[in-house]
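These notes are about the structure you will find just below.
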Amino acid sequence: MAFLQKKLNKTDTTEKLTVPSEWLGNIFPYPARGQDKVQFEVSLISLSDKSTIKSYPLVLSTRSTGYLKPVLQSKEWLKFVRETGVKMGDTIHIRKLDDGQIQVVIEYDFDKE
């Protein structure tokens, strides 16, 4: 199982989620050869009982040449942001299970406001 986390910044909560390139292949799938986008689902998981709260389709895009600069595209990502209420300063924990399922757990920063 792969596990990564990211503290959300302003861009992550108002535009798109910038994804560290080392997450490609480790957590998120690479786009198919000759493509610059890939769609996949993530499951929002409850901390208390580890059950799935809701699944979200997300689209990861990269540049086609040079540095990949991966991002989760705004339309799908911002729906996730609105529905979960994540804000700048919150931390998302993303893990990929051995069966390929991608799960997200949100750590809300209650001290920020």
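For the reader, a short list of remarks on this structure follows.
- When a 1.4 Å probe is rolled over the protein heavy atoms, the share of accessible surface on the chain that falls to carbon and sulfur comes to 49 percent.
- Surface analysis of the chain yields an accessible area of 60 Å² per residue, using protein heavy atoms and a 1.4 Å probe.
- Contour minus Cα-Cα distance for E107 and T65 (0.36 nm per residue): 11.7 nm
- Between region 1-41 and region 66-93, the alpha-carbon centres lie 9 Å apart.
- All C-alpha to C-alpha distances of region 44-113, sorted into 10 Å bins beginning at zero, yield P(r) values of 16, 45, 31, 7, 0 percent in whole numbers.
- Scaled against the 2.2 N^0.38 Å expected of a compact globular protein of N residues, the Cα radius of gyration of region 1-107 reads 1.02.
- Acute angle (nearest 10 degrees) that the helix 74-84 long axis makes with the longest principal axis of the chain, alpha-carbon atoms: 10
- Label zone (S21, point 7 Å along Cα-to-C-beta; backbone nitrogen cut-off 14 Å) within region 31-69: 62-69.
- Relative contact order computed over the chain (Cα-Cα under 8 Å; 6+ residues apart), in percent: 34
- Distance histogram for region 1-58 (every C-alpha pair counted, 5 angstrom bins, percent rounded to whole numbers): 4, 13, 18, 28, 22, 11, 3, 1, 0
- Take the Cα of T11, go 7 Å toward its beta carbon, and the backbone nitrogen atoms of region 47-83 under 12 Å from that spot belong to 69-72.
- Among the listed pairs K6/K96; K6/K87; K6/K69; K16/K69; K7/K54; K16/K79, those with a Cα-Cα distance over 19 Å are K7/K54.
The values are calculated or read from the model by the stated rules, or taken from the named source; none is laboratory data. In this text, all values refer to a predicted model and were calculated from it rather than measured experimentally. A quick note on method: Cβ atoms are made from the backbone with ideal geometry, for glycine too, and the neighbour counts reach across all protein chains shown. Just the protein is used for accessible areas: all its heavy atoms, side chains included, with ligands, DNA and RNA removed. Shrake-Rupley method; radii C 1.70, N 1.55, O 1.52, S 1.80 Å.
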